[in-house]
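Taking it in order: structure first as structure tokens, then the write-up.
The values are calculated or read from the model by the stated rules, or taken from the named source; none is laboratory data. If you're wondering where the values come from, they're calculated on a predicted model, not measured in any experiment. Counting neighbours? That spans all protein chains shown, and the Cβs are built from the backbone with ideal geometry, glycine included.
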Amino acid sequence: MILSRTILNLVMLATLIMAGACTRAVKEERLIAERPRFEMLIAADTSEFKDAVRERLLESYRGEGNITLMGVDGLRTIDPAAYDVILIMDTCLAWTHFNPSLMRFLEGSAEFKHVVLLITAGDPEWTFSQGGLDAVTAASETENEERVAARLKEQIEGILANPR
């Protein structure tokens, strides 16, 4: 029993390490608007799916506000109060394993009123909630790109319509 649990833990650890090695961070960049109506942070890992969703959102918001792009690991360095909207795009591994920076951010934040969270997972029916923040969850499938981008935009617009 102990041996099989140890083996299972080692397999899960190896899976996380391999998945982490395949995950690439978004290139850090700051898009400046001439007359910004908001400050937005997009913290994300990158995949073909998340890149396509992020590009759809950037098409909608480029020029309307100042947008900072960074990898999820950058969450440990930010002041959440500096942003009107924070969009986090991450991957769930084995149903509950996230980037440690994301978990520290979620556990350390008292309020999520200006946070939008997208979590991609292998199971399209899986859901995630943390401290009243309900994540948009989706499988990384091309046919979901438009639907997911629309749901994220709806949440972002709701936040921008009701500033803190």
Exercise for the section: Quick one: in segment 128-164, of everything that is surrounded by 11 or more Cβ atoms within 10 Å (Cβ to Cβ), modelled with pLDDT of 75 or more and polar (S, T, N, Q), which residue is farthest from LEU87 (Cα to Cα)? Expected result: ASN144
Practice task
Could you tell me which residue of segment 27-63 is nearest to the chain's Cα centre (by Cα), considering only residues that are among the polar types (S, T, N, Q) and under 20 Å from ALA150 (Cβ atoms)?
Solution key: SER47
Problem - Lone unmet requirement of (1) of a type outside the set (Gly, Ala, Ser); (2) within 22 Å of GLU39 (Cα to Cα); (3) at pLDDT 85 or above for PHE105 - result: (3)
Fill in the blank from the handout: Considering segment 76-102, residues that are closer than 18 Å to ILE156 by Cβ and assigned to a helix (DSSP H, G or I), and then whichever is modelled with the highest pLDDT, we arrive at ALA82
Problem - Selection from segment 108-120 of residues that are more than 17 Å from ALA52 (Cβ to Cβ), surrounded by fewer than 20 Cβ atoms within 10 Å (Cβ to Cβ) and at pLDDT 75 or above - result: PHE112, LYS113
Problem - Filter result for LEU87 (free of Cβ contacts under 8 Å to residues at least 60 places away in the same chain and in contact with a helix residue (DSSP H, G or I) (Cβ under 8 Å, 6 or more places away or on another chain)) - result: no
Handout entry: Contacts under 8 angstrom Cβ, first residue in segment 32-45 being within 23 Å of LEU102 (Cα to Cα), partner of a type in the set (Lys, Arg) and buried (at least 16 other Cβ atoms within 10 Å of the Cβ), 6 or more apart
Key = ILE42/ARG54; ALA44/LYS50; ALA44/ARG54
Exercise for the section: Name the residue, out of ASP73, ASP51, that is free of Cβ contacts under 8 Å to residues at least 24 places away in the same chain and either surrounded by fewer than 21 Cβ atoms within 10 Å (Cβ to Cβ) or within 16 Å of LEU152 (Cα to Cα) (or both). Expected result: ASP51
